[in-house]
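A short worksheet on the structure shown next.
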Amino acid sequence: MIWYVHNAWAGQVRERMHMTETFDVKLAEKVCRPDPSCRERSWIGDRDTAYRRYLDDPEGFWAAIAGELEWFGPWERVLEWNPPHARWFTGAKLNITHNCLDRHVAGERRNKVALIWQGENEGDEQVYTYRQLHRSVMRFANALKRLGVEKGDTVCIYMPLVPEQIVAILACARIGAVHSIVYGGFGTSALNARIRDAGAKIVITADVGYRRGRRIALKAIVDEAVVNAPSVERIVVLRRSKPEIELYSEMEVDFNEIMEAADPFCRPEAMDAEDPLFILYTSGTTGTPKGIVHTCGGYMVGTYYTTKYVFDLKDNDVYWCTADPGWITGHSYIVYGPLAVGATVLITETVLDYPDPGIWWRIVEDFGVTVLYTAPTAIRMFMKFGEEWPNRSNLESLRILGSVGEPLNPEVFDWYWRVVGRSSCPILDTWWQTETGMHMIATLVGEPMKPGFTGRPIPGVVADVVDREGNPVPPGIGGLLVIREPWPSMMRTVHNNDERYLKYWSTIDGLYTAGDLAVKDEDGYIMILGRSDDIIIVSGHNLGTAEVESALVSHEAVAEAAVIGVPDAVKGQAVKAFVILRLGYEPGEQLKSDLIYHVRMSIGPIAMPSAIEFVQSLPKTRSGKIMRRVLKAQEMGIDPGDISTLEE
Ligand code: WTA
């Protein structure tokens, strides 16, 4: 399978990057041409024209897009750039929820459906029009104010994918509270670390989430996670199951009760363009996750722009992004971007194979989904189940397919194109990161598609593949993926750690390094080869090796641990752990499953190692750093590259 080749290849590329500047990559190319008519009607039109418009006047380009939205007060300057710190739309006043809600409610979209939710039981659904969503958000915003939440306070949201989560997110933004959403699949210690780092004053949760017919007790995890988190004053609980769970202390309040008691009208807080909108934690190469900070103005412009011009959303689209709001994809492309353009957004609590692997395709048919945005790992899963599942549903409503999170390898592209898209839907592969906030490199609607390649930098973005000195490398030569110019939705800092932010711009002086290895072809299409650092992408979710290692080491039996990513046919990569046991502990199958369970409880199911190997020693540098690339090279049977710093 090419996937393995692809991964082994990335492994080799990674090794070579430690030693030399450049290396050759063989590019097998196939071009897939969509019907030219889809470009004629697209918002973006001709890419080259749009890109030239950007290059001729970058600030004018972004100002024109910002001008499509409503502001409470004008900006003095579009961009103030003191590398590597950028300020966008300085002095401007806005509220992102005004653009996501009030702007539509005041016009023709008042009774348009904003949100459709389907629960795990088919037929269990809720629908919010823009007017209804606006009202709920205003009430909940007032409820938060009554709990003492003020502009600038941090609110942690740890919820299942239900409409109330979207309401909670927007309510925070309405009153200028900074939200920090933690994915509902994370366990106690991951949640605790995020609450503490953000200094959250309130935690909003639910009693349970539903998954494959089982209840996941979220509130019980919160109870443990707030121990040793002195910043937390209140816990708001959405009680879903009957009979309702009891709320114990003074600290706990009911989501619906505080909402009903609140005033119905809440004016949106006038935020400065550079005020923080949210913190979102992403994996770092150290044990502590990084709190990526995004601001109100630039983030709004970037997500609005890409939702409209990359996804090409039109007013009659039914748009479904299968991510969770706990990841950046959910922030940018379930909540803020789509609502800013006034789209109809579908969300669902269902997983892709429960009650059976036909569920997603029945949803597409049932709701007439037109734009589907998902991850390669999901498509690989469906490939495993077989074509008969999508073939049982009528998928003719689909007109655009999107992909994000990891390389869309050629066979997966082919299946997505042929089986889901009936060989007629453009496939938009979108490369971006938590840090970038918005799409950066993508194949746009109507453009020739090259399976395996993400596409080219979108108008507004200057990306390149360079060597360690920052010199562009020619086509076919692999190197580091970088961004040269600032963009509105770039992260502004890492919460409590501006040093870490500076590092993104200092690996190669003056360029933003993304941590990805890539290669360009003659036409400027970029292929992503994988990470250059200690991050593992499991099912499109990035995990820091260090966070998994520290979870393992927190188990009483473990003296030391190292984890690496290994190729996995479905998840893209899986976690493999090498463990040295403490004296007195014996290796064995039981201990393996205990350790896997331990990681699951502390970080969550996505971090569970798929394999554990007990070892006597780990390859280390003389300064004591674990050389994961040596383990990786061994595992994959490839040349480990320069091992001169290895101790033994
Ligand atoms: C990877 C997710 C290949 C990449 C939006 C990046 C991709 C990391 C793609 C960011 C893609 C994302 N093709 N690789 N289309 N999209 N990646 O922060 O390694 O969760 O650096 O943001 O995912 O992951 P994050």
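The values are calculated or read from the model by the stated rules, or taken from the named source; none is laboratory data. Values in this document were obtained by computation on a predicted structure and should not be read as measured data. So basically every Cβ, Gly included, is an ideal-geometry build from the backbone, and we count neighbours across all protein chains shown. For the accessible areas, the whole protein counts, side chains as well, though only heavy atoms, and no ligand, DNA or RNA atoms are used. Shrake-Rupley method; radii C 1.70, N 1.55, O 1.52, S 1.80 Å.
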Consider the range 289-344. How many of its residues are assigned to a strand (DSSP E or B), more than 22 Å from Val445 (Cβ to Cβ) and either among the hydrophobic types (A, V, I, L, M, F, W, C) or within 16 Å of the ligand (Cβ to nearest atom) (or both)? 5
Say whether the condition of being at pLDDT 95 or above, touching a His at 6+ places or on another chain (Cβ under 9 Å) and assigned to a loop (DSSP other than H, G, I, E, B) is met by at least one residue in the range 420-434. yes
Scanning the range 187-206 residue by residue, those open to solvent by less than 20 Å² (accessible area, probe 1.4 Å) and either assigned to a loop (DSSP other than H, G, I, E, B) or at pLDDT below 95 (or both) turn out to be Gly187, Ala190, Ala200
Qualifying residue in the range 39-49 (condition: in contact (Cβ under 8 Å) with a residue 60 or more places away in the chain, hydrophobic (A, V, I, L, M, F, W, C) and in a loop (DSSP other than H, G, I, E, B)): yes
With respect to the numbered conditions (1) of a type outside the set (Val, Ile, Thr); (2) within 24 Å of Thr188 (Cα to Cα); (3) out of contact with any helix residue (DSSP H, G or I) (no Cβ under 8 Å at 6 or more places or on another chain); (4) not assigned by TED's automatic domain parsing to the domain that holds Pro289, which one is the sole condition not fulfilled by Leu583? (2)
Is the range 96-117 home to any residue that is in contact with a strand residue (DSSP E or B) (Cβ under 7 Å, 6 or more places away or on another chain), crowded, with 19+ Cβ neighbours inside 10 Å, not hydrophobic (A, V, I, L, M, F, W, C) and not assigned by TED's automatic domain parsing to the domain that holds Asp315? no
Return yes or no: is Gly209 at negative phi, crowded, with 24+ Cβ neighbours inside 10 Å and not in a helix (DSSP H, G or I)? no
Looking only at the range 291-331, count every residue that is open to solvent by 10 Å² or more (accessible area, probe 1.4 Å) and within 24 Å of Ile603 (Cα to Cα) and tell me the total. 7
Sole residue being touching a residue at least 60 places away in the same chain (Cβ under 8 Å), more than 16 Å from the ligand (Cβ to nearest atom) and touching a helix residue (DSSP H, G or I) at 6+ places or on another chain (Cβ under 6 Å), chosen from Gly358, Gly446: Gly446
For the range 46-56, check the following and say yes or no: at least one residue is in contact with a helix residue (DSSP H, G or I) (Cβ under 7 Å, 6 or more places away or on another chain) and within 30 Å of Arg131 (Cα to Cα). no
Given Pro474, Pro448, Pro457, which one is open to solvent by 10 Å² or more (accessible area, probe 1.4 Å), assigned by TED's automatic domain parsing to the domain that holds Tyr51 and in contact with a Cys (Cβ under 8 Å, 6 or more places away or on another chain)? Pro448
Condition broken by Val167, with the remaining ones in (1) assigned to a helix (DSSP H, G or I); (2) touching a Pro at 6+ places or on another chain (Cβ under 9 Å) satisfied: (2)
Being more than 26 Å from Arg146 (Cα to Cα) and among the hydrophobic types (A, V, I, L, M, F, W, C) narrows it down to one of Ala220, Ala193, Ala206, so name that one. Ala193
Given (1) surrounded by fewer than 13 Cβ atoms within 10 Å (Cβ to Cβ); (2) basic (Lys, Arg); (3) at pLDDT 95 or above, number of the condition Lys576 does not satisfy: (1)
Would you pick out the residues in the range 212-236 that are in a helix (DSSP H, G or I) and acidic (Asp, Glu)? Asp223, Glu224
Is there a residue being open to solvent by 20 Å² or more (accessible area, probe 1.4 Å), without any contact (Cβ under 8 Å) to a residue 60 or more places away in the chain and of a type in the set (A, V, I, L, M, F, W, C) anywhere in the range 385-406? yes
What are the residues in the range 435-445 that are open to solvent by less than 10 Å² (accessible area, probe 1.4 Å) and assigned to a loop (DSSP other than H, G, I, E, B), if any? Thr436, Gly437, Met438, His439, Met440, Thr443, Leu444, Val445
Tell me, please, whether a residue that is open to solvent by 30 Å² or more (accessible area, probe 1.4 Å), under 19 Å from the mean Cα position of the chain (by Cα) and either within 13 Å of the ligand (Cβ to nearest atom) or not assigned by TED's automatic domain parsing to the domain that holds His598 (or both) can be found in the range 541-555. yes
Conditions (1) open to solvent by 20 Å² or more (accessible area, probe 1.4 Å); (2) closer than 21 Å to Ile175 by Cα -> Thr288 fails only (2)
Given (1) within 30 Å of Glu485 (Cα to Cα); (2) assigned to a helix (DSSP H, G or I), index of the condition Asp102 fails: (1)
Examine the range 126-148 for a residue that is open to solvent by less than 10 Å² (accessible area, probe 1.4 Å) and in a strand (DSSP E or B), and state whether such a residue exists. no
Subset of the range 407-426 that is open to solvent by 20 Å² or more (accessible area, probe 1.4 Å) and closer than 26 Å to Gly330 by Cβ - its residue that is nearest to the ligand (Cβ to nearest atom): Pro407
Taking the range 488-527 and the residues there that are within 11 Å of the ligand (Cβ to nearest atom), out of contact with any Leu (no Cβ under 7 Å at 6 or more places or on another chain) and open to solvent by 10 Å² or more (accessible area, probe 1.4 Å), the one that is nearest to Gly437 (Cα to Cα) would be Gly515
